[in-house]
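Q: Right, I'll just put the structure down here and ask away after.
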Amino acid sequence: MINQKLVEYIESKIIPQYKAYDGAHQPDHVYQVIENSLDIAKNYNVNLDIVYAIAAYHDIGLKFGRQGHESASRKIIEADFILKTIFNDNEIKTIAQAAEDHRASLPYEPRSLYGKIISEADRDINFERLLSRTILYSLDHYPDYVKEDTFEQVYAHMIEKYGPSGRIKLWLEYEPNVENLKKVHATLADETAFRKAFEPLYSKYKQN
C-alpha cells in the first residue's frame, strides 16, 4: 500500500498542477503513467512509494517549458520539503534521477531500475492514446495549421519517434509495450489506416 500522506499530498498539490499544461500532459496522462508504473513494478523488488512519486512528478517541470523539463522536474523534487519528510536523502536522489531519466530521447541508459520503470511506463505504447496525445500536442503548439498540415506533422512525428527506426527505447521487457509497439509499426506502415484512425480523433479534439 502506498504511503497515505504521500498520496494525499500528490493528489491535492502535485497532480492538479498538470491542468495548466498542454493537452498531452494533463492529469489523465499522469494517472496513466502511475498505473503503468505500478503494473511494471510488480515484476521487481522495488519500493512502491518511490515508484509512485516518480510517476507523479516525472513531467512536473513542464511549468518551466518543454525544453529541459526533465531536469526541471529533478530540481523540483530535490527542493520539495514535503517529500523530504517522507523519504530519506538517498531516496530523494533516486526519485530525482529517475524523473530526469524518463525521456524517450535520453542519450544514455537510465541510471537505476526506477529510471527504467518510469521510462517504460511513460512510453504507454497504446496506439490510440499515442495518436491522441500527438494530435493534442500539435493542436496546442501549431494552432494555425489546417487539418492536412496537422495530419502531416502528426504522422511524421509518430514515424520519427515510434517507427521501426524511431528514437524510442524500451529498457525493460514489458510485454504490453513490446507487443503494442509491433501494432504501432504496422499502422504506421499503412498511411491509409493511419489516416482512418486520425480523422475521428482530430475532429473530436478540434471541436473542444
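We did not get these values from a lab; they are worked out from the coordinates using the rules stated. These numbers come from a predicted model, not from an experiment.
Q: With springs connecting C-alpha atoms under 10 Å apart, model the chain as a Gaussian network and identify which of Y52, Y108, Y155 has the largest mean-square fluctuation.
A: Result for the chain, Cα springs under 10 Å: Y108 fluctuates most.
Q: Name the lysines eligible as straight-distance cross-link partners of K5: C-alpha to C-alpha under 23 Å, and not fewer than 8 places from it in the same chain.
A: K13, K19, K42, K75, K84, K93
Q: I've got another one for you. Please work out the Cα center distance from the stretch 1-54 to the stretch 110-140, rounded to the nearest Å.
A: 14
Q: Tell me, what is the percent relative contact order of the chain, built from C-alpha pairs under 8 Å that lie six or more residues apart? Can you show the working numbers first?
A: Working: 249 pairs, mean separation 37.9, N = 208.
With pairs under 8 Å counted, the relative contact order is 18 percent.
Q: Sorted from largest down, give the three principal axis spans of the alpha carbons of the chain, whole angstrom values.
A: The principal-axis extents, from largest down, are 52, 34, 29 Å.
Q: Rounded to the nearest 500 deg cm²/dmol, what is the calculated helix-only ellipticity per residue at 222 nm for the chain, with -39500 (n - 2.57) per DSSP H run of length n ≥ 4?
A: For the chain, the value works out to -19000 deg cm²/dmol.
Q: With no solvent and one equal point scatterer placed on each C-alpha of the stretch 4-122, evaluate the Debye formula and give log10 I(q)/I(0) for q = 0.18, 0.19, 0.21, 0.23 Å⁻¹, two decimals.
A: Cα-only, vacuum Debye calculation for the stretch 4-122: -0.86, -0.97, -1.23, -1.51.
Q: Between the alpha-carbon centers of the stretch 146-161 and the stretch 173-203, tell me the distance in whole angstrom.
A: 13
Q: Moving on. Could you work out the Rg to Rh ratio of the stretch 127-207, with Rh taken as the Kirkwood radius (inverse of the mean 1/r over all Cα pairs)?
A: On the way: Rg = 12.9 Å, Rh = 13.1 Å.
So for the stretch 127-207, dividing Rg by the Kirkwood Rh gives 0.98.
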